[in-house]
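Asks: Please find one structure pasted underneath; my questions will follow.
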Amino acid sequence: MSQQTPITVRPARMDDLATLVDFNCKLAWESEHHTLDPRIVEPGVAALLADPVGRGRYWVATHGESGPVVGQLQITREWSDWRNGWFWWLQSVYVDAQFRRMGVFSSLVAAMKQAARQEGDVIGLRLYVEQENHAAQRTYERLGLQPIPFQLYQQLPIES
């Protein structure tokens, strides 16, 4: 990427669907060695794009104003009754391999933070990261995020 070509960040659109699906599948493989089925991922991403208030939002980074999508970041919202505001969870963070370490992710985070401030009721940012992904942890810390003393639990699928 040329230093003269700026990174542009914008909300994702339905015409970004194929790229978002591709990036999510790559993300799962690179971060967890997990293969996702694009036939399941595609309607999931499409549902989110169609319902940004209820389900979440994607931002995409492009190489220039009208260039290809080179990165993505999704947020979902969690209401905190203790703090009377929203946490935005950063999810589905991915930067195309040939555009890494060029400011794409920091551009996505800066745009997302600006949008959060404009909302007026977003009180914090959260994300989860694989325990062994030390490079990602260092990146997140450089951008002002800090580890918190909680562990994440899940049940998948939901059982009785």
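The values are calculated or read from the model by the stated rules, or taken from the named source; none is laboratory data. The shown structure was predicted, so the numbers you read here are calculated from the model rather than taken from an experiment. Neighbour counts are summed over all protein chains in view; Cβ atoms, including those assigned to glycine, are modelled from backbone coordinates with ideal geometry.
Residues checked against (1) among the aliphatic types (A, V, I, L, M); (2) buried (at least 19 other Cβ atoms within 10 Å of the Cβ):
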position: VAL45; (1), (2): yes, yes
position: ALA50; (1), (2): yes, no
position: GLY54; (1), (2): no, no
position: TYR58; (1), (2): no, yes
position: ALA61; (1), (2): yes, yes
position: SER66; (1), (2): no, no
position: GLN72; (1), (2): no, yes
position: ASP81; (1), (2): no, no
position: PHE87; (1), (2): no, no
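Asks: Here are some residues: VAL93, VAL104, VAL109. Which one is crowded, with 18+ Cβ neighbours inside 10 Å and under 19 Å from GLU32 (Cα atoms)? Reasoning before the result, please.
Replies: Details: VAL104 fails: under 19 Å from GLU32 (Cα atoms); VAL109 fails: under 19 Å from GLU32 (Cα atoms).
The conditions single out VAL93.
Asks: Related question: May I ask you to verify whether GLY144 is at pLDDT below 95 and surrounded by fewer than 17 Cβ atoms within 10 Å (Cβ to Cβ)? Don't jump to the end; show me each part of the working.
Replies: Numbers: at pLDDT below 95: yes; surrounded by fewer than 17 Cβ atoms within 10 Å (Cβ to Cβ): yes.
Yes: the conditions hold for GLY144.
Asks: Checking the conditions here, which among VAL60, VAL69, VAL53 is among the β-branched types (Val, Ile, Thr), farther than 26 Å from GLN137 by Cα and in contact with a strand residue (DSSP E or B) (Cβ under 9 Å, 6 or more places away or on another chain)?
Replies: On the way: VAL60 fails: farther than 26 Å from GLN137 by Cα; VAL69 fails: farther than 26 Å from GLN137 by Cα.
Within the list VAL60, VAL69, VAL53, the selection yields VAL53.
Asks: Could you count how many residues in segment 31-45 are touching a residue at least 12 places away in the same chain (Cβ under 8 Å) and in a helix (DSSP H, G or I)?
Replies: First pass over segment 31-45, keeping only residues touching a residue at least 12 places away in the same chain (Cβ under 8 Å): 31-32, 36, 38, 41-42, 45.
Applying the additional criterion that residues be in a helix (DSSP H, G or I) yields 31-32, 38, 41-42, 45.
Total satisfying the criteria: 6.
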